[in-house]
Amino acid sequence: MASNDNTTIDMEFDGEKYKKYNVGKYADDYSEEGLFGKIKGCVKKAGLNLIYKALQLFYVAKNPKVPMKIRAAVVAPLGYFISPIDLIPDITPVIGFSDDAAVIAGAIAIAHMFITDEVKQRAKEQLRKIFGDSAVAELN
């Protein structure tokens with residue numbers, strides 16, 4: 001879950017909690033344009049760490065060497081993150097992105113073996129392009 005300052009996400013994976021979000025239905029909401037639009041519009045509410053994790057998933061999904069099953073398990077949570085309609089509306093103060101954080105954490109748990117140093121570096125470079133050097137310095 002996101003902390004109160006929205007800068008970290010709990011990376012413990014709770015499979016039952018993940019299932020309740022029914023993220024598979026959001027796969028059609030995923031697009032590169034949609035993801036970057038969401039990222040630019042929600043950094044203050046979602047927190048940089050959540051966006052960093054979403055970007056890691058984005059680069060895992062783009063890797064043709066990653067098995068299709070893993071890529072599919074990553075795309076649906078990214079669609080959930082992009083979608084304005086989810087379990088807890090993103091505009092809800094304090095907890096609006098907690099469901100997104102849980103879904104992203106679940107996808108990170110599934111794809112963790114494909115999140116290489118290169119993937120992390122590409123995610124940081126993308127954050128740097130969007131938000132500047134200071135954003136990357138704040139990551140844990």
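Numbers for the structure displayed
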| read-out | value |
| --- | --- |
| Tally, over region 50-84, of residues that are polar (S, T, N, Q) and at pLDDT 85 or above | 2 |
| Count of region 119-140 residues which are open to solvent by 80 Å² or more (accessible area, probe 1.4 Å), in contact (Cβ under 8 Å) with a residue 40 or more places away in the chain and in a helix (DSSP H, G or I) | 1 |
| Residues that are modelled with pLDDT of 85 or more, in contact with a helix residue (DSSP H, G or I) (Cβ under 9 Å, 6 or more places away or on another chain) and either farther than 20 Å from Gly34 by Cα or surrounded by fewer than 19 Cβ atoms within 10 Å (Cβ to Cβ) (or both), drawn from region 85-115 | Gly106, Ala109, Ile110, Ala111, Met113, Phe114, Ile115 |
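The values are calculated or read from the model by the stated rules, or taken from the named source; none is laboratory data. Everything numeric here is computed off the predicted structure, so don't read it as measured data. Here Cβ is always computed from backbone atoms with ideal geometry, including for glycine, and neighbour counts include all displayed protein chains. Remember, those area values only see protein heavy atoms, side chains included, never the ligands or the DNA or RNA. Shrake-Rupley method; radii C 1.70, N 1.55, O 1.52, S 1.80 Å.
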